[in-house]
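Everything on this sheet refers to the single structure shown next.
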Amino acid sequence: MKHLLKLSDLSAEEILGILNLADQLKYEKKNGVDHPLLKGKTLGMIFQKSSTRTRVSFEAGMYQLGGNALFLSSRDLQIGRGEPPQDTARVLSRYLDGIMIRTFAQSEVESLAEYGTIPVINGLTDYAHPCQVLADLMTIREYKNSLKGLKLCFIGDGNNMANSLIVGCVKLGMSFAIACPENYRPDAQLMKWAAENGDFLCTTDISLAARDADAVYTDVWASMGQEDETALRIKAFKNYQVNAEVMRAAKPDAMVLHCLPAHRGEEISGETFEAHADEIFDEAENRLHAQKAVLVKLLRNRQTNE
């Protein structure tokens, strides 16, 4: 494991290895055990899309691991003024031990990894959100004690979250069902792969997708960068809300997940959100622990990855 660009690059064993380490680091943190595993290491964090959870969790995580994190907005870098990603990668590789980038194009993340000589972590692109899904899987396993054989239902846009959840669930032996409008389906190649390698369903029927689900997941209807589509998306997704009716189709003990921020009254009802708030905010907390595990896997003893 040299980078975390997208979950499809990792084996099931590598994903489970990250989750197991995340559990260990969380346990140590809760019990006051220091783990300065990245003492002297520095992570550069490039943000072309702003974020609450991504910035705070990575920055706090590096601090707790004994390292340092540098916040680099597009306004702070020449990459925001037209410098090619490959040049930025080669320069930052001389200064840093790793790069986390949150941006629009997946190709930009891939280019940093190709031309740099240090680990690159995808903090989010329009195509994938691997760090969030690692936290999601960690949370489901905490509540359900296992992953294999469980069913996750996603309701909403077939976006970066859906793409990454499909991969994570199928690789770890979970069933995955998504309910979305026809024009908002996940990546076609990923759906083909999922159908060939696991139990996968894409439908417009919300009740069918949610039937007997162990976890129900949703995300905002209009993601960052899609603000000009808000009115169109509200119309397209008006019936795709996680609410009490949807939860009645799932298992009685089904959990609800949301990557946040949440728009109560749109993709999720306020009542359902508050009923499952503990699960949702445990999920948010687990961004910290899962990403610390990724950082340790990639940045500690980095020379073994090269």
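Key figures
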{"item": "Per-region count, segment 42-62, residues touching a strand residue (DSSP E or B) at 6+ places or on another chain (Cβ under 7 Å) and either surrounded by fewer than 21 Cβ atoms within 10 Å (Cβ to Cβ) or part of a loop (DSSP other than H, G, I, E, B) (or both)", "result": "6"}
{"item": "Helices (runs of 4 or more DSSP H) within segment 76-160 that include 2 or more residues in contact with a Ser or Thr (Cβ under 9 Å, 6 or more places away or on another chain) and surrounded by fewer than 22 Cβ atoms within 10 Å (Cβ to Cβ)", "result": "85-92, 106-115"}
{"item": "Top-ranked residue of segment 250-277 - restricted to ones that are surrounded by fewer than 18 Cβ atoms within 10 Å (Cβ to Cβ), in contact (Cβ under 8 Å) with a residue 12 or more places away in the chain and in a helix (DSSP H, G or I), ranked as nearest to the chain's Cα centre (by Cα)", "result": "275"}
{"item": "Selection status of residue 106, under 23 Å from the mean Cα position of the chain (by Cα) and in the same structural domain as residue 44 (by TED's automatic domain parsing)", "result": "yes"}
{"item": "Some residue of segment 199-222 being surrounded by 24 or more Cβ atoms within 10 Å (Cβ to Cβ) and without any contact (Cβ under 8 Å) to a residue 40 or more places away in the chain", "result": "no"}
{"item": "Positions within segment 11-41 being in a loop (DSSP other than H, G, I, E, B), touching a helix residue (DSSP H, G or I) at 6+ places or on another chain (Cβ under 6 Å) and over 16 Å from residue 100 (Cβ atoms), in sequence order", "result": "35, 37"}
{"item": "From the options 92, 72, 65, residue that is without any contact (Cβ under 8 Å) to a residue 40 or more places away in the chain and among the aliphatic types (A, V, I, L, M)", "result": "72"}
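The values are calculated or read from the model by the stated rules, or taken from the named source; none is laboratory data. From a predicted model like this one, the values you see are computed outputs, not experimental measurements. In this analysis, Cβ positions are derived from the backbone assuming ideal geometry, glycine residues included, and neighbour counts consider all displayed protein chains.
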